[in-house]
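So the structure is just underneath, and the comments pick up after that.
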Amino acid sequence: MEAEERNRLSKIKNNLKKELAAVEEKIVHLEAEKTALEKSLCDPQTHRDSVKIKELTIEFKAVENELAAAYALWTDLSCRLEEETSMNSE
């Protein structure tokens, strides 16, 4: 494999690793946010305020949707990184 090609593949791999790290960080943040919302939704004090329950439920669903998208992106990036890594091994 020529040096140029190795450098190009290395750059692609490094970019994928950076993107993957950023997505992992976002997932950690979203998981923490989801946990906090679950805790709030389980709090008996919250159940006394129907408006608060609605707001928290809407926010919870939004976080769940963001989380699903982040996990899908993580899966895609992981697969692409694995493909690039296996291409470099050949």
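All of the numbers you see were taken from the coordinates with simple rules; none came from a lab. Everything numeric in this text was worked out from a predicted model, so none of it was measured. Every residue, glycine among them, receives a Cβ derived from its backbone with ideal geometry; neighbour counts consider all protein chains shown.
Worth a mention:
- Rounded to the nearest 500, the helix-only mean residue ellipticity at 222 nm of the chain stands at -33000 deg cm²/dmol, with each DSSP H run of n ≥ 4 adding -39,500 (n - 2.57).
- Listed values (1) 7.0; (2) 5.8; (3) 6.2 include one computed from this model; for mean projected area of the Cα convex hull in nm² that value carries the label (3).
- Placing pseudo-labels 7 Å out from each Cα toward the beta carbon at Cys42 and Glu2 gives an inter-label distance of 5.9 nm.
- Sequence of His47, His29 once ranked by neighbouring C-beta atoms within 10 Å, starting from the fewest: His47, His29
- Normalised contact order of the range 1-67, rounded percent, pairs of Cα under 8 Å and 6 or more residues apart: 32 percent
- Couplings 3J(HN,Hα) of the range 6-14, computed from phi: 4, 5, 4, 5, 5, 5, 4, 4, 5 Hz, in residue order, whole Hz [Karplus 6.51 cos²θ - 1.76 cosθ + 1.60, θ = phi - 60°; x for Gly and Pro].
- Residue among Glu55, Glu24, Glu64 with the largest mean-square fluctuation in a Gaussian network model of the chain, springs linking Cα atoms under 10 Å: Glu55
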